[in-house]
């Protein structure tokens with residue numbers, strides 16, 4: 001597939017790390033950088049649905065914790081049940097930087113996921129959260145990018161299942 005030249009600007013809105021123990025990771029980032037509080041999300045059915053991995057319908061779940069750092073969201077992801085690229089990453093590489101989330105820059109209106117598809121980045125996994133947001137992870141690791149890129153359509157607000165504020 002011939003790659004197209006990009007038009008419009010894409011910005012990074014989130015950086016995510018895959019971990020084995022969400023609470024231990026939140027404590028470590030707080031201890032080292034002072035980051036927090038963390039909003040925790042338990043992404044399981046029925047809230048987390050219509051999931052697929054490598055183009056096949058597959059059920060998987062995860063717990064995430066998000067905190068705001070500067071102008072970005074910093075996310076920790078602990079995979080739970082079912083196969084997922086998160087578990088593949090942990091098995092192959094261990095804990096570490098997994099993906100970035102991107103969206104069109106302010107004032108620009110184009111489909112970032114469509115652009116990534118046009119550029120030849122296949123979808124690794126996808127799903128929906130609630131009834132207002134869908135996401136996809138695009139494999140840019142074998143391409144010039146060397147990173148997985150998450151895109152999201154919709155911004156339905158989901159209430160966190162908890163908030164973690166580590167003791168100082």
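The values are calculated or read from the model by the stated rules, or taken from the named source; none is laboratory data. Everything numeric here is computed off the predicted structure, so don't read it as measured data. Every residue, glycine among them, receives a Cβ derived from its backbone with ideal geometry; neighbour counts consider all protein chains shown.
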Looking only at the stretch 1-21, filter to residues that are at pLDDT 95 or above and assigned to a loop (DSSP other than H, G, I, E, B); which one of those is farthest from residue 84 (Cα to Cα)? 21
Of the candidates 68, 39, 59, the one satisfying the condition of being assigned to a strand (DSSP E or B) and free of Cβ contacts under 8 Å to residues at least 60 places away in the same chain is 68
Residue under question is residue 145, and the condition is that it be out of contact with any helix residue (DSSP H, G or I) (no Cβ under 7 Å at 6 or more places or on another chain), modelled with pLDDT under 90 and either surrounded by fewer than 19 Cβ atoms within 10 Å (Cβ to Cβ) or assigned to a strand (DSSP E or B) (or both); does it hold? yes
For the stretch 103-138, how many residues meet the condition of being buried (at least 21 other Cβ atoms within 10 Å of the Cβ), touching a helix residue (DSSP H, G or I) at 6+ places or on another chain (Cβ under 8 Å) and more than 20 Å from residue 43 (Cα to Cα)? 0
Name every residue in the stretch 71-83 that is within 22 Å of residue 103 (Cβ to Cβ) and either out of contact with any strand residue (DSSP E or B) (no Cβ under 7 Å at 6 or more places or on another chain) or not in a strand (DSSP E or B) (or both), in order of residue number. 71
Mind checking whether some residue in the stretch 91-106 is assigned to a loop (DSSP other than H, G, I, E, B), over 15 Å from the mean Cα position of the chain (by Cα) and within 17 Å of residue 151 (Cβ to Cβ)? yes
So residue 155 fits all but one of (1) over 16 Å from residue 12 (Cβ atoms); (2) part of a strand (DSSP E or B); (3) within 16 Å of the chain's Cα centre (by Cα); what number is the exception? (2)
